[in-house]
Amino acid sequence: RNAEIAMLRAKNHGRNRFNHYNRSMNTVSSDTLALESDLRHALERRELYLAYQPQFIAASGLLSGFEALIRWRHPKHGELGPDKFIPLAEEIGMIDEIGLWVLRTACTQTVKWRQQGLHNITMAVNASLQQFNSPIEFGDLVASALNETGLAGDRLEIEITESLFMQDIEDTCRKLQRISDLGVKIALDDFGTGFSSLSYLRHVPFDVLKIDRSFVNDIGKGIGGSELVRTIINMAHNLGKSCIAEGVENLLQEQFLRENGCDFLQGFLRGRPVPAEQIEITFADLFSP
Ligand code: C2E
Ligand code: CA
Ligand code: CA
Ligand code: CA
């Protein structure tokens, strides 16, 4: 395992060319430098953890699975969300290492929960654009995480965003197909918020369309908002895909989504992202005694 991480580090060395954050020396604050040095040790110090947010079958309300969302328990700054450190991890070439840790941890947790009675659950894991552009193919990390943990491929879902389709589409499709060939499902996250054209939907191998929470938020706010969501659900189904809505915060949204055939629901209304121990308490009656 250490050898593997050393290999990741070596491969990442000198990746700054691929930097999306054009960092000139005089714009880097001492805060950022301190955070960067902290992040380099966060994994070994066991400061990173995954929060799990439940997903439900819309029609029945039954638990269908979870999305894994990374958190950093920073000794000084308290809990930091991914927006505070994932871009930094990408910038300093740590994203492969963290991404592999996320995959391993999420897969291990899923295997454990399935053995404990949640037999049918799936686990969704986020992957960023940078992770697909790494010299280490993301599909290889997925394959090794599945191998190591013994999780069946069809229990794992990888969430990607449209930003992937802004670049070489053939290359992106090849990489996604490789993941898909493992039986792993591909979900299009934040659907509808990017700037890519809809034509990519015909070419890209994906299984699940994830309706962005900005659209869910518009449900009930004038006819336009609701119609858009209805149209996205129908489009997903017409393409033979399933769809999940994120950011479901109230009963009106839930009822609308259920009535209009959305397959799965996720949001604060039914469950916030929480550590694994909390999931085991909340869903105690689903676990075998
Ligand atoms: P995302 O994939 O769109 O994740 C959903 C975000 O919405 C999460 O924020 C979640 O806490 C929040 N959320 C869930 N339900 C509701 C709701 O009902 N209302 C509202 N207002 N928000 C809700 P979080 O955890 O801060 O994650 C932010 C982003 O960071 C994620 O957006 C994802 O793109 C990224 N991220 C999280 N974990 C990872 C990871 O392991 N790897 C990578 N590469 N990115 C990650
Ligand atoms: Ca996501
Ligand atoms: Ca999202
Ligand atoms: Ca997002």
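The values are calculated or read from the model by the stated rules, or taken from the named source; none is laboratory data. The structure displayed is predicted, hence computed values, not measured ones. Cβ sites come from the backbone with ideal geometry, for glycine too, and all protein chains shown count toward neighbours. Remember, those area values only see protein heavy atoms, side chains included, never the ligands or the DNA or RNA. Shrake-Rupley method; radii C 1.70, N 1.55, O 1.52, S 1.80 Å.
Quick check on my filter: what residues within the range 48-77 are open to solvent by less than 20 Å² (accessible area, probe 1.4 Å), more than 22 Å from Glu97 (Cα to Cα) and either modelled with pLDDT under 95 or of a type outside the set (A, V, I, L, M, F, W, C) (or both)?
Gln53, Pro54, Gln55, Ser64, Gly65
Residue by residue through the range 30-85, note down the ones that are aliphatic (A, V, I, L, M) and part of a strand (DSSP E or B).
Scanning the range 30-85 gives Leu48, Leu50, Ala51, Ile57, Leu63, Ala68, Leu69, Ile70, Leu80.
Could you please give the count of residues in the range 64-94 that are of a type in the set (Asp, Glu), within 15 Å of ligand 4 (Cβ to nearest atom) and in contact with a strand residue (DSSP E or B) (Cβ under 9 Å, 6 or more places away or on another chain)?
The qualifying residues number 1.
Yes/no matrix, rows are residues, columns are (1) modelled with pLDDT of 95 or more; (2) hydrophobic (A, V, I, L, M, F, W, C); (3) more than 16 Å from ligand 4 (Cβ to nearest atom); (4) not in a helix (DSSP H, G or I):
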residue: Glu157; (1), (2), (3), (4): yes, no, no, yes
residue: Glu170; (1), (2), (3), (4): no, no, yes, no
residue: Gln177; (1), (2), (3), (4): yes, no, yes, no
residue: Gly183; (1), (2), (3), (4): yes, no, yes, yes
residue: Ser196; (1), (2), (3), (4): no, no, no, yes
residue: Leu209; (1), (2), (3), (4): yes, yes, no, yes
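Scan the range 163-171 and tell me whether some residue there is crowded, with 18+ Cβ neighbours inside 10 Å and among the β-branched types (Val, Ile, Thr).
No; the residues of the range 163-171 include none that is crowded, with 18+ Cβ neighbours inside 10 Å and among the β-branched types (Val, Ile, Thr).
Only one of these is more than 27 Å from Ile70 (Cα to Cα) and either outside any helix (DSSP H, G or I) or within 16 Å of ligand 3 (Cβ to nearest atom) (or both): Gly247, Gly220, Gly225, Gly271. Name it.
Matching residue, one of Gly247, Gly220, Gly225, Gly271: Gly220.
Among the residues of the range 173-191, which ones are in contact (Cβ under 8 Å) with a residue 40 or more places away in the chain and either among the polar types (S, T, N, Q) or touching a Cys at 6+ places or on another chain (Cβ under 8 Å) (or both)?
The answer is none; no residue qualifies.
Given the criteria open to solvent by 30 Å² or more (accessible area, probe 1.4 Å), away from ligand 1 (no atom under 16 Å from the Cβ) and touching an Asp or Glu at 6+ places or on another chain (Cβ under 8 Å), does Gly192 qualify?
When the stated conditions are applied, Gly192 does not pass them.
Only one of these is open to solvent by 10 Å² or more (accessible area, probe 1.4 Å) and of a type in the set (Val, Ile, Thr): Ile223, Ile244. Name it. Spell out the reasoning first.
Values: Ile244 fails: open to solvent by 10 Å² or more (accessible area, probe 1.4 Å).
Criteria check complete, one pass: Ile223.
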